[in-house]
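One structure is given below, encoded as structure tokens.
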Amino acid sequence: FLALFTYIIMFPQLVAGPIVRFSTVARQLHHRRWSWWRAEMGARFFCLGLAQKILIANPVALVVDRLFALPSHELSSSLAWLAAFSYSLQIYFDFAGYSLMAIGLGLICGFSFPRNFNLPYIAQSITEFWRRWHMSLSRWFRDYVYIPLGGNRQGKARTLFNLFLVFVLCGLWHGANWTFVAWGVLHGSFLVLERLGWGAVLTKLPRVLRHAYTLIVVLLAWVLFRANDFTQAAKLTKSMFGFSDVH
């Protein structure tokens, strides 16, 4: 009971991630590996994560809020792309910064938590992006949703359905808003397309084109994720492709 209670109230693994399951830290709760070197490394991780949050994510958030609030006639194509790009930086450094802070606090206390981000914006496909972005969440959905649904053991059609459903639920996990569901549907759709053959085509394209494709899809998805509603998302997306109401 004491070990379980300690795990439940352990601050670094709460709130948003990294999602740390009891099995990950069960042994560490009784046999922690504490040392001054680990504490020092933990402090460095914490300071780096805090810097990402305070020095990058928070200032960029002010820019994002202003750009997303612009009326259509003031939102040029360049400003719309700047809004999407800025939000991609904001959410990454906010979330990755928090994760580094949590991992650092864990190390200071003698616990080793799993890495949560691995340079997701260098990904060459949406499939690779999700191997690098919020990795603890991907593992959680894999183990508790995808595999119980049958995983890839019941034929290709069922595998694609399971994969798509996981990302619809992943959208709902982020909040009770249809824009989050649409964000999950968009990512799930491209993952299914890559499984259906688009992924094989991608591998034959130059690296720069694979990277550009991934970033464009991710940026468009972030617009949905950040928007208050579909009207705002549509306004920004249209402006990104030159269909704004700029006079």
Among residues of segment 214-234, those that are in a helix (DSSP H, G or I), farther than 22 Å from Leu119 by Cβ and open to solvent by 40 Å² or more (accessible area, probe 1.4 Å), counted: 3
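Tell me the residue from His187, His211 that is open to solvent by 20 Å² or more (accessible area, probe 1.4 Å), out of contact with any Asp or Glu (no Cβ under 6 Å at 6 or more places or on another chain) and either touching a residue at least 24 places away in the same chain (Cβ under 8 Å) or outside any helix (DSSP H, G or I) (or both), please. Don't jump to the end; show me each part of the working.
Details: His187 fails: open to solvent by 20 Å² or more (accessible area, probe 1.4 Å).
Unique residue meeting the criteria: His211.
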Which listed residue is within 30 Å of Trp198 (Cβ to Cβ), surrounded by fewer than 17 Cβ atoms within 10 Å (Cβ to Cβ) and touching a residue at least 24 places away in the same chain (Cβ under 8 Å), from Phe95, Phe117, Phe85: Phe85
Restricting segment 42-70 to residues that are in contact (Cβ under 8 Å) with a residue 60 or more places away in the chain and not charged (D, E, K, R), the residue that is nearest to Thr231 (Cα to Cα): Phe68
Enumeration of residues in segment 97-116 that are over 22 Å from Trp36 (Cβ atoms) and touching a Lys or Arg at 6+ places or on another chain (Cβ under 9 Å): Gly97, Tyr98, Ser99, Pro114
Test: residue in segment 159-182 that is assigned to a helix (DSSP H, G or I), open to solvent by 90 Å² or more (accessible area, probe 1.4 Å) and either farther than 20 Å from Asn228 by Cα or of a type in the set (Val, Ile, Thr) (or both): yes
Residues (small (Gly, Ala, Ser), open to solvent by 20 Å² or more (accessible area, probe 1.4 Å) and in a loop (DSSP other than H, G, I, E, B)) located in segment 126-156: Gly155
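The values are calculated or read from the model by the stated rules, or taken from the named source; none is laboratory data. Computed from a predicted structure; not experimentally measured. Neighbour counts run over all protein chains shown; Cβ positions are idealised from the backbone, glycine included. All accessible areas refer to the heavy atoms of the entire protein, side chains included, with ligands and DNA or RNA removed. Shrake-Rupley method; radii C 1.70, N 1.55, O 1.52, S 1.80 Å.
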